[in-house]
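Colleague: I am attaching a structure below and will ask some questions about it afterwards.
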Amino acid sequence: MATAERVFRPRFTVAVCVFLALAFVAGAVILLVTLAGLEGDHSADRFTIILIALIATVTASLVGRPRAVASASGLAVRNPIRSRQLSWEEIVAVRFGRSDPWVLLDLDDGTTYAVLAIQASDGSRARRDAAWLRNRVAEHEGEEPSPSS
C-alpha cells in the first residue's frame, strides 16, 4: 500500500478558466482605455466594466479550484465551494460511468459526493485516475476507521 500523496486536478477545466479570466481582464482593460478617450462622465460605465470583470474572474477561479489529494489517511476533496476530508473507510465505491461528468463517491452514510477534480473532459487520464481511486478504496475495504478520525 503506497503512502505517498497523489494530487488530482482537472487540466482542461483549469486551462479554460485561466484563459477566460485573462480574456475578461484584457477586455476590461481595452474597454476602460477606450472610455478614457471619450468625452463625458463614464464613471458608471467604468464601475460596471470593473464589476463584470471581477465577477467573471472570481467565477473562473472557483470553477478552476477543484482538487483532490489522496494520502495514507484518506481523500481530501476540494470542490468550487465546499471541501471535505474523507477517510478511506468512509468511501464505499468510486463511480465514473461513460455519462458521468466527474467521479462520484458512494459513502457509507448512503450519500454520494462528487469529486470535480477528476473530470470526463480529461479523457483517458480521468479514467486512469478513477481506476486508481477504485483500487485504493478496495485496499481499505473492510478495515475499521483509525481512532484519529
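Colleague: Of all residues in the range 92-105, count the ones that are in a strand (DSSP E or B) and either exposed (fewer than 13 other Cβ atoms within 10 Å of the Cβ) or under 19 Å from the mean Cα position of the chain (by Cα) (or both). Working first, answer last.
Modeller: Initially, the range 92-105 is screened for residues in a strand (DSSP E or B), giving 92-95, 102-105.
From what is left, the residues that are either exposed (fewer than 13 other Cβ atoms within 10 Å of the Cβ) or under 19 Å from the mean Cα position of the chain (by Cα) (or both) are 94-95, 102-105.
Residues flagged as in a strand (DSSP E or B) and either exposed (fewer than 13 other Cβ atoms within 10 Å of the Cβ) or under 19 Å from the mean Cα position of the chain (by Cα) (or both) within the range 92-105 amount to 6.
Colleague: Checking Trp132 against (1) surrounded by 14 or more Cβ atoms within 10 Å (Cβ to Cβ); (2) assigned to a loop (DSSP other than H, G, I, E, B), only one condition comes out false. Which one?
Modeller: If we test Trp132 against (1) surrounded by 14 or more Cβ atoms within 10 Å (Cβ to Cβ); (2) assigned to a loop (DSSP other than H, G, I, E, B), just (2) comes out false.
Colleague: May I pose another question? Just to check your reading of the model, which residue among Val103, Val77 is touching a Lys or Arg at 6+ places or on another chain (Cβ under 6 Å) and under 14 Å from Leu133 (Cα atoms)?
Modeller: Values: Val103 fails: touching a Lys or Arg at 6+ places or on another chain (Cβ under 6 Å).
Matching residue, one of Val103, Val77: Val77.
For (1) of a type in the set (A, V, I, L, M); (2) closer than 30 Å to Arg82 by Cβ; (3) assigned to a helix (DSSP H, G or I), each residue gets a yes or a no:
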residue	(1), (2), (3)
Phe19	no, yes, yes
Ala23	yes, yes, yes
Leu35	yes, no, yes
Glu39	no, no, no
Ala53	yes, yes, yes
Thr59	no, yes, yes
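Colleague: Residue by residue through the range 106-126, note down the ones that are hydrophobic (A, V, I, L, M, F, W, C) and either farther than 13 Å from Ala68 by Cβ or in a strand (DSSP E or B) (or both). Don't jump to the end; show me each part of the working.
Modeller: At the first step, the residues of the range 106-126 found to be hydrophobic (A, V, I, L, M, F, W, C) are 107, 114-118, 120, 126.
Of everything in the range 106-126, those that are hydrophobic (A, V, I, L, M, F, W, C) and either farther than 13 Å from Ala68 by Cβ or in a strand (DSSP E or B) (or both) turn out to be Leu107, Ala114, Val115, Leu116, Ala117, Ile118, Ala120.
Colleague: Go through the range 62-78 and give me each residue that's under 21 Å from Leu20 (Cβ atoms) and either surrounded by fewer than 15 Cβ atoms within 10 Å (Cβ to Cβ) or in contact with a helix residue (DSSP H, G or I) (Cβ under 6 Å, 6 or more places away or on another chain) (or both).
Modeller: Going residue by residue through the range 62-78, those that are under 21 Å from Leu20 (Cβ atoms) are 62-67, 78.
Across the range 62-78, the qualifying residues are Leu62, Val63, Gly64.
Colleague: Looking at (1) hydrophobic (A, V, I, L, M, F, W, C); (2) loosely packed, with under 15 Cβ neighbours inside 10 Å; (3) over 22 Å from Arg134 (Cβ atoms), which one does Ala21 not meet, given that it meets all the others?
Modeller: Ala21 satisfies every listed condition except (2).
FYI, it's all coordinate maths here, none of it is from the lab. This is a predicted model, so every value here is computed, not measured. Don't worry about glycine lacking a Cβ; one is built from the backbone with ideal geometry, like all the others, and counts go over all protein chains shown.
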